[in-house]
Structures are given as structure tokens and as C-alpha cells.
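First comes the structure, then the notes that go with it.
Laboratory data are not the source of any read-out in this text; all were calculated from the coordinates shown. This one's a predicted model, so the numbers in the text were calculated from it and none came from an experiment. All Cβ positions, glycine included, derive from the backbone under ideal geometry; neighbour counts span all protein chains shown.
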């Protein structure tokens, strides 16, 4: 198994290093033809607008969409989640190109600016019961997006409750 990590911008080095620690071969993906040699793909966190511009420059969007349509495993963290969402709100004027394929609506930077970043323990009982491991997972929210809606076939693994009076809910 070879895991590709989209290496345009963001935390791709950290993902490659984590894969190595797990004994999994991870390779950087920067060009469409490199997707032919990987069995799955990680789209890391970073600045989604910059990543989209670089993906467009390297003509990666058609190959990324085809990869997703082949139903190969794809994991998106932060900016990667934004890329994979079928719909995004809270974008800059004109928006950005998306890969799509994940039936959800995502709000960019839902949890505020870099200064409003935080960490929280998230309960993941279904994941723990299926896969083993702890009942919680540490969530890191750095200018984080939020999934506002998930389609019927999307399995939600964790939920972070936002108080209804939270000013960040003003869309």
C-alpha cells in the first residue's frame, strides 16, 4: 500500500512523517500522473485558497476528482475537508474550486481566526467500539472549518457542540 499526500502547501511533511512512523509508505503528490501510483490519498491542512490555486496551476483538479470518483480512500484534514466538500459557505468573494465527493456542507474558518484556536477532547465511542482505542480523540481547531450538514450516507465520527448563542453561528 502506498499513501499519497497532496504536497502543494500546508502540513504534508507532517503527514508523510506520521505515515513513516506507522510503517506505511507515503509519497508526495504534486502532479496528476502521480495519483496512478497510490492506493489512497491524504489532503492535508493548509491554506485552502493557496492550495486551490496551485492545484489549478498544475491541472490537478480533474485527476483528483477522478480519484475520488473511483471510490479510493481519501482523507482530508482542515483545508482537505474544504476541498472534498460538495458545498462550502463562508468563502471569499468568487470562492475556490473544489474536488467534491463528500456529501456535506462546510463553513470555512467557522471557529474564527488563528487567535481563537483551541483544543478539545471529542467523544468517539463508535470509532472506539469498532476499531478499539480510547473513547476520546484530541481535536485541534486552528482556523478550523465546520461541517454544517452531512448527507445520509456520511458517517459522523465525532461532534463538537457549539452553544446556540455562539456568535460564530451567524452565517
Legend entry - Helical mean residue ellipticity (222 nm; -39500 (n - 2.57) per DSSP H run of 4+; nearest 500) of the chain: -6500 deg cm²/dmol
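Rounded if a/c is under 1.5, else prolate if a/b is larger than b/c, else oblate: which is the stretch 75-127, with a ≥ b ≥ c the root eigenvalues of its Cα gyration tensor?
Values: a/c = 2.60, a/b = 1.24, b/c = 2.10.
Taking the square roots of the gyration eigenvalues as a ≥ b ≥ c, the stretch 75-127 is oblate.
What does the C-alpha gyration tensor say about the overall shape of the chain? Classify as rounded when a/c is under 1.5, otherwise prolate if a/b is larger than b/c, or oblate.
Numbers: a/c = 1.65, a/b = 1.20, b/c = 1.37.
Oblate shape, in that a/c is at least 1.5 and b/c is the bigger or equal ratio.
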Legend entry - Within a Gaussian network of the chain (alpha carbon springs, distance under 10 Å), most fluctuating of 39, 93, 48: 93
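Return a whole-number percent for the relative contact order of the chain, with Cα pairs under 8 Å and 6 or more residues apart as the contact set.
Working: 307 pairs, mean separation 28.6, N = 171.
After rounding, I find 17 percent.
Give, in nm to one decimal, the length gained when the segment between residue 86 and residue 71 is fully stretched (0.36 nm per residue of separation minus the Cα-Cα distance). Working shown, then result.
Values: separation 15, 0.36 × 15 = 5.40 nm, distance 1.50 nm.
Here the segment from residue 86 to residue 71 would lengthen by 3.9 nm.
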Legend entry - Hypothetical label at residue 130: residues of the stretch 65-81 whose amide nitrogen lies under 18 Å (7 Å Cα-Cβ projection): 71-77
Legend entry - Modelled FRET efficiency - R0 35 Å, residue 93 with residue 1, Cβ distances, 0.05 increments: 0.30
Legend entry - Rough spin-label spacing in nm, given labels placed 7 Å along Cα→Cβ, for residue 121 and residue 149: 3.4 nm
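Shape verdict for the stretch 1-49, please, from the Cα gyration tensor: rounded (a/c under 1.5), prolate (a/b greater than b/c) or oblate. Let's see the in-between values first.
Numbers: a/c = 2.49, a/b = 1.14, b/c = 2.18.
Since a/c reaches 1.5 but b/c is at least a/b, the shape of the stretch 1-49 is classed as oblate.
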Inset, instruction - Report the residue, chosen from 127, 98, 22, that carries the largest GNM mean-square fluctuation when the chain is represented by alpha-carbon nodes joined by springs under 10 Å. - result: 22
Inset, instruction - Pop a pseudo-label 7 angstrom from the Cα along the beta-carbon direction at both residue 140 and residue 37 and give the gap in nm to one decimal. - result: 2.9 nm
Inset, instruction - Would you give the gap between the C-alpha center of the stretch 86-104 and the C-alpha center of the stretch 1-71, rounded to a whole Å? - result: 18 Å
Legend entry - Simple spin-label estimate for residue 22 and residue 50 in nanometres, 7 Å along Cα-Cβ: 2.5 nm
Legend entry - Fluctuation leader among 152, 123, 161 - the chain, Gaussian network, Cα springs under 10 angstrom: 161
